[in-house]
């Protein structure tokens with residue numbers, strides 16, 4: 001896609017700043033040298049044909065190490081590729097810009113830009129058990145998105161779970177397609193019941209000669225608010241943690257997996273807004289690790305929870321912030337070994353009420369009118385607010401990064417009714 005990405009034709013198909021850009025040749029190769037001496041040094045490619053909404057990967061071969069940045073430009077916007085070098089084209093033309101800031105230099109022997117090819121991801125899986133009544137069937141719903149660069153003509157998905165009682169029509173694999181670039185689809189299964197309190201399952205997806213898999217579990221638990229006589233901002237014990245500020249209350253009760261799933265309530269409207277699937281979760285690649293936690297201690301100001309498994313150790317702190325009129329969550333975690341593509345997700349929220357998204361807020365239209373919920377990052381790595389009105393889900397996610405073992409990481413966020 002990118003013409004003269006190896007610079008063998010000099011700077012043909014590239015535009016360069018007046019200073020700080022040169023070509024260094026050897027017997028076998030040529031290198032683009034960006035040297036920001038008195039000012040920034042940069043080159044830009046000529047416009048490259050792309051497909052709006054498709055995902056591409058840009059890569060560079062470095063001959064002389066240094067600091068520089070890659071930006072992808074179009075008529076209306078510019079963006080920085082993610083940690084994997086990937087980005088989604090916003091228009092049918094894209095420009096690659098390489099910039100070295102003043103005081104730095106970099107030597108680049110090759111730049112490549114390629115479509116990622118077929119890629120369907122299982123973006124999320126949720127179940128409706130917490131919203132059902134006793135002995136009612138519930139739904140398990142997978143949200144699939146084509147995050148590749150080409151249409152998927154045909155795909156198949158199947159549910160695997162020996163502890164779940166499926167209706168007959170859902171025991172076979174389901175086929176779907178075509179799924180266009182950027183298109184989203186939901187596929188569900190009706191579960192008549194589950195034989196265990198914690199019932200594991202897997203979802204397997206096949207498409208274009210590739211596979212994807214999601215492993216999870218459903219929990220036989222329906223969160224509930226505390227007794228109406230409870231008015232304190234912090235109520236905590238081994239069996240229940242409930243934190244409130246103004247009209248917002250978050251209540252997590254003990255389950256077969258310790259404390260995790262929590263009810264989110266608007267106390268003024270006397271309406272349950274939805275649930276937190278867990279207070280926080282680590283995402284490692286496409287796998288999700290819920291941070292289920294045990295009660296450690298509490299004061300009149302805060303509650304502390306802790307957890308540990310073979311992969312990680314973590315500590316959670318929940319408390320009301322009366323100045324911000326919010327419930328705050330601080331998470332500290334460390335991993336047992338070096339791990340790539342790790343991000344932390346706070347407040348993974350799910351609702352059955354119709355949802356409208358506005359910035360970092362969602363409006364939940366319920367029987368008593370409506371409630372605005374706001375989600376914000378507070379400390380640590382920047383948090384991105386991700387919401388889907390179609391699925392009724394939201395969460396805050398940190399940037400994906402490599403995490404070294406035995407090093408504690410700390411991130412905090414807040415949720416409030418506005």
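Just so you know, all these numbers are worked out from the coordinates, no wet-lab data involved. Keep in mind that what you see is a predicted model, and the values were worked out from it rather than measured. As a convention, Cβ positions derive from the backbone with ideal geometry for all residues, glycine included, and neighbour counts pool all protein chains shown.
Which of the peptides 239-247, 385-393 is most tightly packed, and how do the rest follow, going by the mean number of other Cβ atoms within 10 Å of each residue?
239-247, 385-393
Under the Kirkwood approximation applied to all pairs of distinct alpha-carbon atoms, what is the hydrodynamic radius of the chain in Å?
Across the chain, the inverse of the average 1/r is 24.0 Å.
In what sequence do 162, 381, 293 fall when counting other Cβ within 10 Å, fewest first?
By the 10 Å Cβ count, ascending: 162, 381, 293.
Among 65-72, 403-410, 342-349, what's the highest-first ranking by average C-beta atoms within 10 angstrom per residue?
Result, highest mean Cβ count within 10 Å first: 342-349, 65-72, 403-410.
Percentage of Cα-Cα pair distances in segment 285-357 greater than 16 Å, rounded to whole percent?
I get 61 percent for the Cα pairs in segment 285-357 exceeding 16 Å.
What is the calculated FRET efficiency for residue 220 to residue 332, with r their C-beta to C-beta distance and R₀ = 45 Å, to the nearest 0.05?
0.90
Given a cut-off of 13 Å, what percent of all Cα-Cα pairs of segment 133-189 lie beyond it? List each step's numbers first, then the result.
Numbers: 1067 of 1596 pairs.
Roughly 67 percent, rounded to a whole number.
Out of all Cα-Cα pairs in segment 131-247, roughly what percent, to the nearest whole number, are more than 23 Å apart? Don't skip to the end; give the middle numbers.
Values: 3342 of 6786 pairs.
Tail of P(r) above 23 Å: 49 percent of Cα pairs.
Taking the Cβ-Cβ separation of residue 15 and residue 132 as r and a Förster radius of 51 Å, what is the calculated FRET efficiency to the nearest 0.05?
So the FRET efficiency works out to roughly 0.25.
What is the distance in Å between the Cα centres of segment 45-71 and segment 242-282?
43 Å
Kindly provide the Kirkwood hydrodynamic radius of segment 14-115 in Å, to one decimal, from all pairs of distinct alpha carbon atoms.
Result for segment 14-115, one decimal place: 14.1 Å.
Relative to the present Cα-Cα distance, how much length would full extension add between residue 84 and residue 418 at 0.36 nm per residue of separation?
Numbers: separation 334, 0.36 × 334 = 120.24 nm, distance 3.63 nm.
Contour length minus the Cα-Cα distance gives 116.6 nm.
When ranked by the protection proxy of mean other Cβ atoms within 10 Å per residue, highest first, what sequence do the peptides 97-107, 138-148 form?
Sorting 97-107, 138-148 by mean packing, highest first, produces 138-148, 97-107.
Note down the nm distance, to one decimal, between modelled labels 7 Å out along Cα→Cβ at residue 301 and at residue 267.
Each label point lies 7 Å from its Cα, and together they span 1.9 nm.
In percent, how large is the relative contact order of the chain, given Cα pairs closer than 8 Å and 6 or more residues apart?
Values: 1090 pairs, mean separation 39.2, N = 418.
Contact order relative to length: 9 percent.
What nm distance separates the two modelled labels at residue 404 and residue 310, each placed 7 Å from Cα along Cα→Cβ?
With each label placed 7 Å out from Cα toward Cβ, I get 2.6 nm.
For segment 234-417, report the translational diffusion coefficient in µm²/s to the nearest whole number, using Stokes-Einstein at 25 °C, 0.890 mPa s, and a Kirkwood Rh over Cα pairs.
149 µm²/s
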